[in-house]
Amino acid sequence: MCRLLCVQVSRLSKPLLRRGFNVSAAGNRHQRVLSGMRPTGRLHLGHYHGTLKNWVKLQYQHECFFCIVDWHALTTHYDEPQLIEENIWDMVIDWLAAGVDPSAAHLFIQSHVPEHAELHLLLSMITPLSWLERMPTYRDQQEALSDQKDLSTYGFLGYPLLQSADILAYHASSVPVGEDQAPHVELTREIARRFNHLYGREPDFAEKVDNAVHKLGKKNAKLYSQLRKNYQEKGEHEALETGRALIDSVQNISLGDRERLLGDLEGSGKLILTEPETLLTETPKLPGLDGRKMSKSYHNTIALREAPESVEEKIRTMPTDPARVRRTDPGEPEKCPVWGLHKVYAKEDTQKWVQQGCRSAGIGCLECKQPLIDAIKKELAPIQARAKEYEENPSLVRNIVAEGREVAQDTARATLKEVRQAMHLIYQ
Ligand code: TRP
Ligand code: SF4
């Protein structure tokens, strides 16, 4: 029986591990994804390749919440709040145009769900200042923007903690983000752990755990106790993994019991908040028109709603390898920003054609750019057609966000109820 179960367990846990999901803290109970984006206005191809394409894929694999984080925008743009509103609607239209599907994912605005703010406040009670001060994003950004505005504010220091609240309010098991955001997800994990450690122990925890273990059935209960012992006394990590998979695989226990067992297995209390995994976006970074990262502040972008003539003009005037002064001078693709885009857009044969033609001066730069222009136009055409539909139908966009809010709020409310209970904030 034990062997059989172990086989079952390994069959269960492997695909989860491979996908980088959180088989740790909360097991596979939620497989839920949450991500957020600051409303910076119209999006560009960098957002599309770096983030949105990934969201579009994830929305059909997991329950996804995509949040427009307007409060995060306020932490840096507190002096121009009027911009945020317009940016929100422009950004939602671009999400939808890029293929984010409101029947598959929940799209909502952070400030529509005040539970984020409540959780942020409650978490702030247990967050050591040093955890926030050591965030690399904090000092870097503060310095980068120091000539424009004063970011030595309470709100800006709390930026990563607000992000933690966004994530924890939904028990998100994974958070798709770029590398720069990984420290924020790591902070979120630390906060969840600290919270669970401080407030996870119910007064009758031991008794409830006993009941839950009983429900596993005799054989599984025995196996569970053995695994717990092997992990806690001998530090066997494999026993921990197997124990988690065992808890995941049992069908007939409640969510609360599952959390108690996971907590007991690890030696803490009940896990109230879920530790999220970082789901690093793997897509190659799309460089901007000048070869640097595509970013509005560098003025090197192609917007998702860029007119086709403008796409053409922008690519045609892109700088190339400076060594190619004349058409007859050979060039080196590695020194040319156009090549960075070909690497994303061109098929292998075109890539070969570029490399050979460039190095032998067999092709001219305009010639080289043509397949790129065609590929980008082709990619943008369906996106722009969808954007137009939503532009012409603002009430549809409002409704999508209102529906997202409903689901988001129900979920966040339930979490906050548990959090308040754990923190003894229910007075009657
Ligand atoms: N800080 C993130 C960024 O700048 C945006 C964000 C806010 C976020 N809340 C989040 C991302 C929650 C993921 C999950 O990109
Ligand atoms: Fe760049 Fe293409 Fe010109 Fe070579 S031929 S320098 S890759 S644009």
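For segment 344-368, filtered to residues that are in contact (Cβ under 8 Å) with a residue 24 or more places away in the chain and either touching a Cys at 6+ places or on another chain (Cβ under 9 Å) or within 16 Å of ligand 1 (Cβ to nearest atom) (or both), the residue that is farthest from Arg324 (Cα to Cα) is Cys368.
Looking across segment 85-109, the residues that are crowded, with 18+ Cβ neighbours inside 10 Å and either free of Cβ contacts under 8 Å to residues at least 12 places away in the same chain or of a type in the set (Phe, Trp, Tyr) (or both) come down to Trp89, Trp95, Phe108. For segment 124-139, give me each residue that is of a type outside the set (A, V, I, L, M, F, W, C), assigned to a loop (DSSP other than H, G, I, E, B) and buried (at least 16 other Cβ atoms within 10 Å of the Cβ). The one that is of a type outside the set (A, V, I, L, M, F, W, C), assigned to a loop (DSSP other than H, G, I, E, B) and buried (at least 16 other Cβ atoms within 10 Å of the Cβ): Thr127.
Checking each residue in segment 199-208 for being loosely packed, with under 15 Cβ neighbours inside 10 Å and assigned to a helix (DSSP H, G or I) picks out Ala206, Glu207. Does Arg398 satisfy the condition of being within 31 Å of the chain's Cα centre (by Cα), outside the structural domain of Ile315 (by TED's automatic domain parsing) and over 18 Å from Glu309 (Cβ atoms)? Judged against the criteria, Arg398 is a match.
Only one of the listed residues (Leu396, Leu366, Leu372) is within 10 Å of ligand 2 (Cβ to nearest atom) and either among the acidic types (Asp, Glu) or surrounded by fewer than 18 Cβ atoms within 10 Å (Cβ to Cβ) (or both). That residue is Leu366. When you check Arg228 against the structure, is it within 18 Å of Gln421 (Cα to Cα) and either away from ligand 1 (no atom under 16 Å from the Cβ) or in a loop (DSSP other than H, G, I, E, B) (or both), yes or no? So Arg228 fails the test. Considering Asp70, Asp147, the condition of being more than 24 Å from His49 (Cβ to Cβ) and without any contact (Cβ under 8 Å) to a residue 40 or more places away in the chain is satisfied by Asp147 alone. Check segment 331-342 and report whether any residue there is within 20 Å of Met294 (Cβ to Cβ), in contact with a Phe, Trp or Tyr (Cβ under 9 Å, 6 or more places away or on another chain) and either of a type in the set (Asp, Glu) or more than 16 Å from ligand 1 (Cβ to nearest atom) (or both). Yes, segment 331-342 contains a residue that is within 20 Å of Met294 (Cβ to Cβ), in contact with a Phe, Trp or Tyr (Cβ under 9 Å, 6 or more places away or on another chain) and either of a type in the set (Asp, Glu) or more than 16 Å from ligand 1 (Cβ to nearest atom) (or both).
Would you be able to say whether some residue in segment 209-224 is surrounded by fewer than 15 Cβ atoms within 10 Å (Cβ to Cβ), away from ligand 1 (no atom under 16 Å from the Cβ), within 33 Å of the chain's Cα centre (by Cα) and free of Cβ contacts under 8 Å to residues at least 24 places away in the same chain? No: zero hits.
Residue count for segment 175-198 satisfying the condition of being at pLDDT 95 or above and in a strand (DSSP E or B): 2.
On the given criteria, is Gln351 loosely packed, with under 15 Cβ neighbours inside 10 Å, within 16 Å of ligand 2 (Cβ to nearest atom), farther than 30 Å from Glu115 by Cα and among the polar types (S, T, N, Q)? Spell out how you get there, then give the answer.
Values: loosely packed, with under 15 Cβ neighbours inside 10 Å: no; within 16 Å of ligand 2 (Cβ to nearest atom): yes; farther than 30 Å from Glu115 by Cα: yes; among the polar types (S, T, N, Q): yes.
So Gln351 fails the test.
The single condition from (1) in contact with a Ser or Thr (Cβ under 6 Å, 6 or more places away or on another chain); (2) on the phi < 0 side of the Ramachandran plot that Ala361 fails is (2).
The values are calculated or read from the model by the stated rules, or taken from the named source; none is laboratory data. These numbers were taken from a predicted model, which means no experiment stands behind them. A quick note on method: Cβ atoms are made from the backbone with ideal geometry, for glycine too, and the neighbour counts reach across all protein chains shown.
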